[in-house]
1. Taking the 0 to 90 degree range and rounding to the nearest ten, how far is the long axis of helix 632-647 tilted relative to the main principal axis of the chain, both from C-alpha atoms?
2. Among the aspartates and glutamates, select those whose C-alpha is under 20 Å from the C-alpha of Lys514, and discard any that sit fewer than 8 residues away in the same chain.
3. Got a sec? What order do Lys331, Lys523, Lys589 fall in by accessible area at 1.4 Å, biggest, i.e. largest, first?
4. Among 414-424, 757-767, 93-103, what's the highest-first ranking by average C-beta atoms within 10 angstrom per residue?
5. How big is the charge dipole of the range 462-537 about its Cα centre, in debye rounded to the nearest 20, if each Lys and Arg gets +1 on its Cβ and each Asp and Glu gets -1 on its Cβ?
6. Based on Cβ point charges of +1 for Lys and Arg and -1 for Asp and Glu, what charge dipole magnitude is obtained for the range 533-581 about its Cα centre, in debye rounded to the nearest 20?
7. Nearest 0.05, what FRET efficiency do Lys427 and Glu562 give at R0 = 56 Å with Cβ-Cβ as r?
8. Using a 1.4 angstrom probe with every protein chain in place, what is the largest-first accessible-area order of Arg75, Arg257, Arg277?
Amino acid sequence: MEENELIIPAVALRGMTILPGMVAHFDISREPSIRAVETAMKADNRIFLVTQKDVEQENPAPEDLYEMGIIAQIRQVVRLQNDIVRVLIEGNCRAKLLEYDREKEYIEAKIVSCEDIMENDLPNEAVAAMIRSVQESFVKYARVRGKVGQDVIRWVTEATDLSKLLDYIGNNLSIPYTEKQKILEAVSLTDRYEVLLLRLMKETEILDIKNDLQKKVQARVEKHQREYVLREQLALIREELGESGDTESDAAEYEKRLEELQAPDEIKARIRKEISRFRGMSGSNSESTVSRGYIETLLELPWEKTSEDNKDLTHAAEVLDEEHYGLDEVKERILEFLAVRNLTGKGQSPILCLVGPPGTGKTSIAKSIARALNKEYVRISLGGVRDEAEIRGHRRTYVGAMPGRIVAGLRSAGVKNPLILLDEIDKMSSNYKGDTASAMLEVLDAEQNYKFRDHYVELPVDLSEVLFIASANSLQEVPAPLRDRMEIIEVSSYTDNEKFHIAKEHLFAKQLQKNGLKPGQLKITDKAYRSIIMFYTREAGVRNLERRLGEISRKVARRIYEGKQDKIRISGSNLEEFLGKPKYRQDKKNKKSEIGIVRGLAWTSAGGVTLEIEVNIMPGKGKLELTGKLGDVMKESARIGISYVRSVMGDYGVKPEFFQENDIHVHVPEGAVPKDGPSAGITMATAMLSAITGTPVRADIAMTGEVTLRGRVLPIGGLKEKLLAAKNAGMNTVCIPKENEKDLSKISEEIIGGMEILPVEHMNQVIKAAFV
């Protein structure tokens, strides 16, 4: 063995390289390593430390170790828990591994120490230059790194030994153990200088880039950090002042909901701006409450959220027929809309207006349409609405501001394509705060409502996919521009037969369920149904009919509950026992033809009725007396009638002085019921002519039509209801204006069957048909 060769215990280090002059500690737990330390402690405390190439290797072979290691002096050994030994060492000099013996309890290595190699031709000036270059590079590195102690910098700048300087700097560099291994393996000072200087410069450059990147990143996040700090301070101040601290958490929640919101980018940008504004407000500030309500409204609106319509025409028809008897025109229009949408893929939603008397199913058919099309249903009652803000919303500057009913309806529906029922659109009014009907113009205009602006929301809301259905009892109070924007569908009065089917097929089952009765416990005969319709209700719809059925059901439920009867059958004979005496008498034709009495026809909100107009002649001074609570138009019709009669008196042999010697009294029962309109014109003219000439008028004839001074007969409205009233009264003949003849095609044979319908153009035709 040569002089500088040694055989000493060895420890394989994992992930660590020790350089000469370095004082460090490491932990060992492998048994051979612990035995090697114990053996070294028993000898001269010297041990050979060599680094493993693979830190995961548990029992390294010679090829798994680096060739260059270090001879170190053990300074201290401490035993820790879990059989771990901590060893404190100081590196002495480099050594090269020659052999590696693992036969003993510990690793024994044969090594040769390596002295520093100084090139002979290297002048002192070159060494000094190398020292200064390394010192300057390290100072620059220390300045960039910022975590190097002043003692270390002082030692480096005052060092004069190149070898110690290089190893000392190597020990103080924060570099991987593989890079330190390269410094350890550089035995020649020139090589070590180059390796170290290159590493110093590289580390300095990396730190420069890292610092530059950190500055850029910091510049980006500095604003957010500053806002966060200020927000935290603001929250603390609010907490100290006892104010609500929910603003920040609410803002975070709003931002989370905004990310999930289906809306155009401009809408999201507006909401994001409002959230940012809200975040800076004090929780107790009234403005924050307004802002909170506004943000929540915007987040809950269905900007781009839609529901999928049911496109099955058969299903839609079944649903509509299942829940409503009749109303064929409404059903047809909805099925047409659905067919068009299925063909085109879009199809503009119609804006329908159902006009008809109360109780005819206008509101309930809208709900059925929503179910048939699988749409969300929203009902907006416009009865008594007089403020424009109810439709367009209030501006946010007002206390208690809120969106209008249209936007509120969309919000509650949760989708942008619901069915919205505008109930009682004819009951809207206006005052000094604005015209409500005018505000509806934009809502119901298909060319404008895709960008409807609510005063509260202040953003365009798309109403083009909403299916609007309006309901009204009469169009007289609806302004013409609003009527023009809607497709009018007349929902006329039900016939007695239709009421019978509705009561038997729909209302009866509904009242049984409502009053807790089973189907077998109550039975109502067909005769009882018809008696209820004729003698206990008088209406165009079926609301009171349903109430009468409910009244019967309640009384039956009580009897069954008290155990008096198990099941009850209602017939015409025992109906009074449950509903009392009949409330109405059926208008019937007179038994004989009389002078001065003519049966007219009138339309009311409850359907058609017959009016028995009476005229009496008495001695007087030519005065015309009108009674029966008549309106101005009806009074004018009476005056027109008497003028026409006076103009044709010569044809009937009446002397001119008759009108100076007699008074004419026209009365229209019932006296307490207001009456108006021009359609009783021909009836009053006929009755006056009958009374003046003494000619009886047929008892089985009824008539309706407006009369002119020249005796022409003008068209009227409500023909179906009037003919239905004539049918119920048992009339055989009805005179109608010639221009209304076209309306007969829309009236069922059930109504006009068995009656003679006489279309007339002039009073001569009426008189010819009416006089006996």
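The values are calculated or read from the model by the stated rules, or taken from the named source; none is laboratory data. Remember, predicted model here, so these are calculated numbers, not experimental data. Every residue, glycine among them, receives a Cβ derived from its backbone with ideal geometry; neighbour counts consider all protein chains shown. Just so you know, the surface numbers come from the protein's heavy atoms only, side chains and all, with ligands and any DNA or RNA stripped out. Shrake-Rupley method; radii C 1.70, N 1.55, O 1.52, S 1.80 Å.
1. With both axes taken from Cα atoms, the answer is about 30 degrees.
2. List returned: Glu322, Glu323, Glu505, Glu546, Glu551, Glu562, Asp566.
3. Final ranking, largest accessible area leading: Lys523, Lys589, Lys331.
4. 414-424, 757-767, 93-103
5. 760 debye
6. Dipole of the range 533-581, to the nearest 20 debye: 80 debye.
7. Approximately 0.80, to the nearest 0.05.
8. Arg75, Arg277, Arg257
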